[in-house]
Amino acid sequence: MKRDFVDLWDLTPEEVNLIIGKTLKVKRREEELGKPLAGKSIALIFTKPSTRTRVSFEVGIYQLGGNAMFFQERELQVSRGEDVKDTARTLSRYVDGVIVRNHSHMWLKELAKYSSVPVINALTERSHPCQILSDLFTLYESFGDEMKNLKIAYVGDGNNVCNTLMVGAGMTGLKLFVATPEGYEPSSYYYKKALEFAMDTGGEVEITNDPLEAVKDADIVYTDVWVSMGEEGKNLEVFKPFQVNEELLSKAKNGVKVMHCLPAKKGQEITEDVFEKNADFIFTQAENRLHTQKTLLAFLFRGLQA
Ligand code: CP
Ligand code: NVA
């Protein structure tokens with residue numbers, strides 16, 4: 001049966017751990033993934049801009065022996081009203097997989113439902129599972145199993161990245177504190193899912209409107225833009241106390257590491273000096289998109305041995 005990756009929970013927690021562990025071995029060149037995509041074509045359909053996701057997928061598909069085809073949605077008939085289920089059934093007759101970034105999670109779910117080939121979510125307004133799978137790998141690479149003992153704070157907008165980070169924390173047993181302004185909390189649906197997983201893994205996910213509560217003694221502070229793609233025109237005044245700056249970080253543990261999924265809007269969610277101090281970790285986080293997505297593709301298209 002084909003496997004989709006529309007939300008993080010399309011993998012089991014064991015599969016998430018398998019992918020993370022395998023990615024570390026491949027990144028360290030202890031193992032190879034080979035060419036699981038040899039002879040396969042994967043379509044990328046994006047309605048929103050992308051640097052990391054698009055480029056890392058295209059490079060990763062090439063390195064795994066496959067062929068990547070990139071389309072802006074406006075180039076396809078779906079932009080003129082063709083039914084998503086007809087697009088899904090047509091593409092399934094040509095390509096071996098579809099990777100989608102768009103404004104509608106429901107559209108993506110419908111595409112996955114009617115596709116007979118794997119469909120991967122490259123970001124919707126609700127979730128960004130490729131990002132968080134990769135971020136879990138970044139934490140594992142730096143901290144190993146100790147990652148479960150860290151205090152992780154997410155500070156800023158309760159957006160797609162935040163929703164998925166909560167689920168990732170629940171699935172891998174992390175201790176995550178989310179701080180957002182009132183009215184900008186993450187989705188209660190994703191929060192509930194996170195808590196369900198956390199019951200089995202021993203993870204903790206808490207939501208507060210107080211950035212100091214989240215950041216106090218934190219080992220990791222994660223942030224993302226205040227204005228996600230498609231949310232332009234938002235009032236940013238209420239976000240100001242949530243800026244990741246030296247003063248906020250002075251409440252965290254000594255040696256706190258800062259994560260950002262990028263792109264960053266310096267001067268808003270993060271100051272330039274904090275960004276530059278943490279640039280090495282942040283760009284390792286970006287690099288790891290390539291490593292993790294290659295393992296994900298190998299898993300979805302060929303399966304992985306532990
Ligand atoms: N983090 C991320 O998904 O970056 P892009 O928008 O550049 O793909
Ligand atoms: N929350 C951001 C993430 C970008 C990778 C957005 O949706 O624009």
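A short reminder: the numbers here are calculations on the coordinates, not readings from a lab. All of these numbers come straight from a predicted model, not from anything done at the bench. Cβ: placed from backbone, ideal geometry, glycine included. Neighbour counts: every protein chain shown.
Give, as residue ranges, the strands (runs of 3 or more DSSP E) completely inside region 44-154 that count at least 3 residues that are within 16 Å of ligand 2 (Cβ to nearest atom).
Once the strands (runs of 3 or more DSSP E) in region 44-154 are filtered for at least 3 residues that are within 16 Å of ligand 2 (Cβ to nearest atom), what remains is 97-101.
Mind counting the residues in region 1-58 that are hydrophobic (A, V, I, L, M, F, W, C) and touching a Pro at 6+ places or on another chain (Cβ under 8 Å)?
Selection size over region 1-58: 3.
Is it the case that some residue within region 249-256 is within 16 Å of ligand 2 (Cβ to nearest atom) and without any contact (Cβ under 8 Å) to a residue 40 or more places away in the chain?
No - not one qualifying residue is present in region 249-256.
Any idea which residue in region 21-49 is farthest from ASP145 (Cα to Cα), counting only those that are more than 16 Å from ligand 1 (Cβ to nearest atom) and among the basic types (Lys, Arg)?
Among those residues, the one meeting the criterion is LYS40.
For the subset of region 155-204 comprising residues that are among the polar types (S, T, N, Q) and within 20 Å of ASP10 (Cα to Cα), which member is farthest from ligand 2 (Cβ to nearest atom)?
My answer is THR201.
Being more than 16 Å from ligand 1 (Cβ to nearest atom), out of contact with any strand residue (DSSP E or B) (no Cβ under 7 Å at 6 or more places or on another chain) and closer than 25 Å to GLU247 by Cβ is the requirement here; does LYS216 meet it?
For LYS216, the condition - more than 16 Å from ligand 1 (Cβ to nearest atom), out of contact with any strand residue (DSSP E or B) (no Cβ under 7 Å at 6 or more places or on another chain) and closer than 25 Å to GLU247 by Cβ - is met.
Please enumerate the residues belonging to region 219-248 that are within 16 Å of ligand 1 (Cβ to nearest atom) and over 13 Å from ALA153 (Cβ atoms).
Result: VAL225, TRP226, VAL227, SER228, MET229, GLY230, GLU231, GLU232.
Please verify whether region 212-224 includes one or more residues that are on the phi > 0 side of the Ramachandran plot, of a type outside the set (A, V, I, L, M) and touching a residue at least 12 places away in the same chain (Cβ under 8 Å).
Yes, region 212-224 contains a residue that is on the phi > 0 side of the Ramachandran plot, of a type outside the set (A, V, I, L, M) and touching a residue at least 12 places away in the same chain (Cβ under 8 Å).
Of all residues in region 7-20, which are surrounded by 15 or more Cβ atoms within 10 Å (Cβ to Cβ) and away from ligand 1 (no atom under 16 Å from the Cβ)?
Within region 7-20, TRP9, ASP10, LEU11, PRO13, GLU15, VAL16, ASN17, LEU18, ILE19, ILE20 qualify.
For (1) crowded, with 23+ Cβ neighbours inside 10 Å; (2) in contact (Cβ under 8 Å) with a residue 12 or more places away in the chain, each residue gets a yes or a no:
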position: ALA112; (1), (2): no, yes
position: ILE120; (1), (2): yes, yes
position: LEU123; (1), (2): yes, yes
position: PRO129; (1), (2): yes, yes
position: PHE137; (1), (2): yes, yes
position: PHE143; (1), (2): no, no
position: VAL155; (1), (2): yes, yes
position: ASN159; (1), (2): yes, yes
position: LEU165; (1), (2): yes, yes
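If you scan region 249-306, which residues turn out to be in contact with a strand residue (DSSP E or B) (Cβ under 8 Å, 6 or more places away or on another chain) and basic (Lys, Arg)?
LYS253, LYS257, LYS277
Does LYS192 count as of a type in the set (Lys, Arg) and closer than 25 Å to PHE283 by Cβ?
No: the conditions fail for LYS192.
Against the conditions (1) farther than 27 Å from TYR190 by Cβ; (2) more than 21 Å from the chain's Cα centre (by Cα), where does LYS27 fall short? Just the number, please.
(2)
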